[in-house]
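**Student:** I'd like to ask some things about the structure below.
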Amino acid sequence: MKPQSVKKRTLIAPSVLAANFADLQHDIAAAEKAGADLFHLDIMDGHFVPNISFGPEMVQTVHRLTSLPLDTHLMIENPDQYLEDFKKAGTTRLIVHVEVCRHLHRTISEIRSLGMLPGVSLNPATPLSSIEEILPFVDLVLVMSVNPGFGGQKFIQESLNKIQRLRTMLDSRGINAFIEVDGGVSALNAAAIVEAGADILVAGSAIFGAKDIRGALSAIRTKISSKEL
Ligand code: DX5
Ligand code: ZN
């Protein structure tokens, strides 16, 4: 019998940072109806990144508003101190930055033992070699395609090459971790990002910044569907 080829589906993760906090219920429901696969939550502490966003309470609020999985991106100096808080808040995946974790393997193991799926993220200037040893232990790698801290920034074009090299690194070692891409993602570049090897696209302003949330998400979905294997 011929082996059946499995169609790969790219996941879309709207970033709540760009949503209207005054009517979160509306924005979350609209994105969910439009076919979002998960929600991305950006935690910023004003130290690791020059901006302050929100904490575990926001994760809990979104968790009450949707049954979709939550992806929490910690852009904070001391992630170890808050792992349990985010578990209690209801996050599915917890992502830490390689730049702040002195004992990254310990942090990743702790996230898993708390019952969450661990992810590691790296800034645009951080080389892939810095995460090489942790790859077998993570559920996903979050490639930052802007310098973290703010929504609405321009996608750094060189990230495409980094994504391609990470894809090769994972495939050649038989590692199943997802590649998630965050920053400046829109319908204009989504196809190229998927083609480079991404599995999950985070999009904030391109989805929640649009008047028509459903239309904006569908536009990204249409662009990527032609690139899916
Ligand atoms: C940036 C955050 C992103 C941000 C993306 O530091 O990590 O998740 O919300 O926003 P857009 O899609 O507007 O670049
Ligand atoms: Zn993020």
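The values are calculated or read from the model by the stated rules, or taken from the named source; none is laboratory data. All values derive from a computational prediction rather than experimental measurement. As a convention, Cβ positions derive from the backbone with ideal geometry for all residues, glycine included, and neighbour counts pool all protein chains shown. Remember, those area values only see protein heavy atoms, side chains included, never the ligands or the DNA or RNA. Shrake-Rupley method; radii C 1.70, N 1.55, O 1.52, S 1.80 Å.
**Student:** Which of the trypsin sites (Lys or Arg not before Pro) across region 49-106 are loop residues per DSSP, with 11 or fewer other Cβ within 10 Å? Let's see the in-between values first.
**Tutor:** Numbers: sites: Arg64, Lys87, Lys88, Arg93, Arg102, Arg106; in loops: Arg102.
Of the trypsin sites (Lys or Arg not before Pro), the ones in loops of region 49-106 whose Cβ has at most 11 other Cβ atoms within 10 Å are Arg102.
**Student:** Now for a different question. To check you understand DSSP bridge types, tell me what percent of the beta bridges within region 12-225 (both residues inside) are antiparallel, rounded to 5.
**Tutor:** Close to 5 percent.
**Student:** Now, a different point. What distance in nm lies between label points placed 7 Å from Cα along the C-beta direction at Asn161 and Glu77?
**Tutor:** Taking the simple label geometry, Asn161 and Glu77 are separated by 3.4 nm.
**Student:** Can you give the extra length, in nm with one decimal, that the chain gains between Leu188 and Asp212 once fully stretched, where that is 0.36 nm per residue apart less the Cα-Cα distance? Don't jump to the answer; show the numbers that get you there.
**Tutor:** Working: separation 24, 0.36 × 24 = 8.64 nm, distance 1.66 nm.
The span from Leu188 to Asp212 would gain 7.0 nm if fully extended.
**Student:** About its Cα centre, what dipole magnitude does the chain give when the only charges are +1 on Lys and Arg Cβ and -1 on Asp and Glu Cβ, stated in debye to the nearest 20?
**Tutor:** Computed charge dipole of the chain: roughly 840 debye.
**Student:** Ignoring ligands, DNA and RNA, please state the percent of accessible area on region 12-225 from carbon and sulfur, probe 1.4 Å.
**Tutor:** Answer for region 12-225 is 50 percent, counting heavy atoms of protein chains only.
**Student:** Right, here's the next one. So if I place +1 on the C-beta of Lys and Arg and -1 on the C-beta of Asp and Glu, and nothing else carries charge, what would the dipole magnitude of region 119-224 be about its Cα centre? I want it in debye, nearest 20.
**Tutor:** The dipole magnitude comes to about 380 debye.
**Student:** Among Leu201, Ser130, Met75, which residue has its Cα positioned farthest towards the positive end of the charge dipole of region 12-225, with +1 placed on the Cβ of Lys and Arg, -1 on the Cβ of Asp and Glu, and the dipole taken about the Cα centre?
**Tutor:** The listed residue farthest towards the positive side: Leu201.
**Student:** What are the semi-axes of the equivalent ellipsoid for the chain, taken as the square roots of 5 times the Cα gyration tensor eigenvalues, largest first, in whole Å?
**Tutor:** 23, 23, 17
**Student:** Here is a further query. If you average the sequence gap of Cα pairs under 8 Å that are 6 or more apart and divide by the length of the chain, what percent do you get for the contact order?
**Tutor:** Value for the chain: 23 percent.
**Student:** Now for a separate question. Apply the Kirkwood formula to region 129-229: the hydrodynamic radius equals the inverse of the mean of 1/r over all pairs of different alpha-carbon atoms; give it in Å with one decimal.
**Tutor:** The Cα-based Kirkwood calculation yields 14.1 Å.
**Student:** Can you tell me the accessible area per residue over the chain, all protein chains present, probe 1.4 angstrom, in square angstrom?
**Tutor:** 48
**Student:** Moving on. Which aspartates and glutamates have a Cα lying under 16 Å from the Cα of Lys8, excluding residues fewer than 8 positions away in the same chain?
**Tutor:** Of all the aspartates and glutamates, those that pass the test against Lys8 - Cα under 16 Å, at least 8 places apart if same chain - are Asp37, Asp171, Glu180, Glu195, Asp199, Glu228.
**Student:** Next question. Let me have the 222 nm mean residue ellipticity of the chain computed from DSSP H runs of 4+ only, each contributing -39500 (n - 2.57), with the sum over all residues rounded to the nearest 500.
**Tutor:** -9500 deg cm²/dmol
**Student:** Alpha carbon centre of region 55-112 versus region 151-229: separation in Å?
**Tutor:** 22
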